[in-house]
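Here's the structure, in structure tokens; my notes come after.
The values are calculated or read from the model by the stated rules, or taken from the named source; none is laboratory data. Keep in mind that this is a model prediction, so the values were computed, not measured. Glycine also receives a Cβ, built like all others from the backbone with ideal geometry; neighbour counts cover every protein chain displayed. Calculation scope for accessible area: heavy atoms of the full protein, side chains included, ligands and nucleic acids excluded. Shrake-Rupley method; radii C 1.70, N 1.55, O 1.52, S 1.80 Å.
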Amino acid sequence: MCGIAGLIHRDGASGIGQEMTSMLQALKHRGPDSTGFAIYGDAADGEYVLRFKVAEQEDLASGFKIHDQIKQRRAEVDDRLKSLGVDVSLAEDATEYAYRYKIKFAGDLKKLSDFVEDVEGAEILSIGNGLELIKDLGDATVVSDQYALGGFKGTHGIGHTRMATESDVDIRSAHPYWAYPYNDIAVVHNGQITNYWIMRRQLERQGQRFVSNCDSELLAVYTANNLEKGATLEDSLKQSIEEIDGVFTYLVATEDSLGMAKDTMAAKPMVLFESDSLVALASEEVAIRSIIPQEIDTWDPYDEEVRVWHR
């Protein structure tokens, strides 16, 4: 099952946090285990938003010691950022175990990411000028309220409701996935990749890293690897249809774009609405109609279809 949704406003920022919450809540029946958002706000020159966690939600039930461990891990992350010369202008607690920092850093994002993730339990969810990636256990309303997304203003976003089938129910296995180590790139996916382990080993031999055993993460790493080699987003989407086996529909978001691809069999659903000012996609039409009250025309993209929209 699982449900995916995407939205891009071509004419400026809107209440993207609330809109994505409504769309994903309408898809709750497709996956109640976890919900994730990759939403894009105003990008500030030279400034990144860093989203990271140092534990899982379920870890909090393991006893009082975990709370001390969480504090120690965050302190170690802070020390490592400082040692790299990272200027932290804002440090917010999203939850007890997940955080939102605004940082300035002129160095290598991969080096920063690897150094932070070397801390036990630490995982960077996203780094972006505009991107903020939020995911946790529960439906869209629960996660949105927990992370105060209702008032988030932005231009576009993608999201996912997950029914766990082949990996754990935790934040690490939830979507979206950030396309490490790239600024502002995120992916959501519905389907199953049957040559996952073959392609994963190929990418690992090229120096790419994986943090989960979820096949959807492959699409994020695959996209990052292609872009690193100079491919455009459209090129990468088209290439994926040729190289990735299975049944899949997936969405990719970048700082200023939203893209989609469907596999050869087109077995995983996708419904599309497009106007001069707005593009909305979802696994089911009910998600699009949750944010567009008037009568609209929608259609289903074809097999092997690739589309890219820009704001």
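Accessible surface area normalised per residue over the stretch 221-311 is 45 Å², counting heavy atoms of protein chains with a 1.4 Å rolling probe.
Taking K and R as +1 and D and E as -1, what net charge do the other residues with C-beta under 10 Å from the C-beta of THR194 add up to? Computed value for this residue: -2. Past 22 Å, Cα to Cα: identify those pairs from LYS71/LYS102; LYS82/LYS111; LYS65/LYS110; LYS111/LYS229; LYS82/LYS153; LYS111/LYS135, in the order given. Distance filter (> 22 Å) returns LYS65/LYS110; LYS82/LYS153; LYS111/LYS135. Rounded to the nearest 20 debye, the dipole magnitude of the stretch 68-155 is 400 debye, with +1 charges on Lys and Arg beta carbons, -1 on Asp and Glu beta carbons, and the Cα centre as origin.
Inter-label distance, GLU92 to ASP68: 3.1 nm, where each label sits 7 Å from its Cα along the C-beta direction.
If you roll a 1.4 angstrom probe over the protein chains with everything in place, what fraction of the accessible area of the chain belongs to carbon and sulfur, to the nearest %? Whole-percent figure for carbon plus sulfur exposure: 46.
Where does the chain land at 222 nm, in deg cm²/dmol rounded to the nearest 500, when only DSSP H runs of n ≥ 4 count, each adding -39500 (n - 2.57), divided by all residues?
Values: 8 runs with 83 residues, N = 311.
When only DSSP H runs of four or more count, the value is -8000 deg cm²/dmol.
Taken as Cα centroids, the stretch 255-291 and the stretch 95-144 sit 26 Å apart, rounded to the nearest whole angstrom. Taking only the Cα atoms of the chain, the ratio Rg/Rh comes out at 0.94, with Rh defined as the Kirkwood radius. In the context of the full set of protein chains, the stretch 44-128 has a per residue accessible area of 50 Å² (1.4 Å probe).
At most 10 other C-beta atoms within 10 Å and a DSSP loop state: those are the exposed chymotrypsin sites (Phe, Trp or Tyr not before Pro) I care about. Give me the longest piece of the chain that has none. Longest run free of exposed loop sites: 65-301.
Entry for the stretch 1-149 at q = 0.12, 0.21 Å⁻¹: log10 I(q)/I(0) = -0.55, -1.33, Debye formula applied to identical alpha-carbon scatterers, no solvent contribution.
Using 0.36 nm per residue of separation minus the Cα-Cα distance, give me the extension gain between GLU47 and GLU255 in nm, one decimal.
Working: separation 208, 0.36 × 208 = 74.88 nm, distance 1.35 nm.
Extending this stretch completely gives an extra 73.5 nm.
Computed about its Cα centre, the charge dipole of the chain is approximately 460 debye, with only Lys, Arg, Asp and Glu carrying charge at their Cβ. Compare ALA148, ALA26, ALA220 in a GNM of the chain, Cα atoms joined below 10 Å, and give the one with the largest fluctuation. Its mean-square fluctuation being the largest, the pick is ALA148. A full extension of the chain between HIS310 and MET265 corresponds to an added length of 13.5 nm, given 0.36 nm per residue minus the alpha carbon distance.
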